[in-house]
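> Structure incoming, see below.
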Amino acid sequence: MNTFTNRLGRPLAAIVTAGALLLGGFSAATPAEAASPKATTSASSVLNTLPVKGKAAKTGYARAKFGNGWKDPDRNGCDARNDILKRDLTKDRFKPGTRNCVIASGTLKDPYTGKTIRHVRGGNKVDIDHVVALGQAWVSGAQKLSIAQRTAFANDPLNLRAVDASANRAKGDREASAWLPKNKAFRCSYVATQIAVKKKYALSVTSAEKAAMKRVLASCPSQKTVKVTAIKPAGKASTPKAPAKSTTSAKTVKGVHPGAPCKAAVKGYKGIGTNGRIYTCKASSTGSSLHWRV
């Protein structure tokens, strides 16, 4: 069994057992490696360092742009989803034969609604939410990240939280000006997490989003967030294609023979004759064949 606090900035508290405890065929969970780092920096101060921009177009967005499926960023043998369930649920029981990785059941004190939810594997009551949604990240700068950086974003414990499934789906990919948790006591922590994630992945906020975050933080001026170092976007910059070179009569062909046939590909081109005079590849007034003519 493990215990933790949902408040951002509080360390994971755990009861360390000397060995595996078997309960009804399931082993009790040990502390998860996905514990959130301690919050030490003013959330308002970090918010003021985020660039303020309008939303980019959502063109090109797809879930696969953030990697396919859950990864194991800490290489502990469990994917990020199961690590977050271990971190955020209490009274955990694991599925046998999964090396204490796959949670069979547990209890969630949902931060978004304040409800207590009993999670059972295969059920639909608990989701793993991206606090800064993938679609939201895409329109606020993630297009400039490499696929490896976006995959890290999608599996970063800082940006992941086990929550009530219906609340998560109601949120969608909306940001703070359009959606906040129903549980008002959690809003300061929620916004502080979004600020840290956006700082870490070099993402922007809209003016409306920043204003909404400021309103929330006004009720908790001492709210802290995790100190992070912003990454340098490593994606390929999209550069506009150079315009096709003109194939107009401005092109000049040297060394043409006056009256000689010329190809349709150079119709309208100017040619400098072997005698130094200028000719044009064109048809006569009475025929369709192309020749170098005066």
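> Any idea which residue in region 203-232 is surrounded by the most Cβ atoms within 10 Å (Cβ to Cβ), counting only those that are free of Cβ contacts under 8 Å to residues at least 60 places away in the same chain and among the basic types (Lys, Arg)?
Here the residue is Arg215.
Conditions (1) under 30 Å from Val131 (Cα atoms); (2) among the aliphatic types (A, V, I, L, M); (3) at pLDDT below 85; (4) under 51 Å from the mean Cα position of the chain (by Cα), marked per residue:
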site	(1), (2), (3), (4)
Tyr201	yes, no, no, yes
Ile231	yes, yes, no, yes
Thr247	no, no, yes, yes
Ala260	no, yes, no, no
Lys267	no, no, no, no
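> Moving to a separate point now. Select from region 184-198 the residues that are under 23 Å from Arg150 (Cα atoms) and either acidic (Asp, Glu) or out of contact with any strand residue (DSSP E or B) (no Cβ under 8 Å at 6 or more places or on another chain) (or both) and list them in ascending order. Give the steps one after another, and end with the answer.
In the first step, residues of region 184-198 are kept if they are under 23 Å from Arg150 (Cα atoms); the result is 190-198.
Residues satisfying the conditions are Tyr190, Val191, Gln194, Val197.
The values are calculated or read from the model by the stated rules, or taken from the named source; none is laboratory data. Just so it is clear, the structure is predicted and the values come from calculations on it, not from any experiment. A quick note on method: Cβ atoms are made from the backbone with ideal geometry, for glycine too, and the neighbour counts reach across all protein chains shown.
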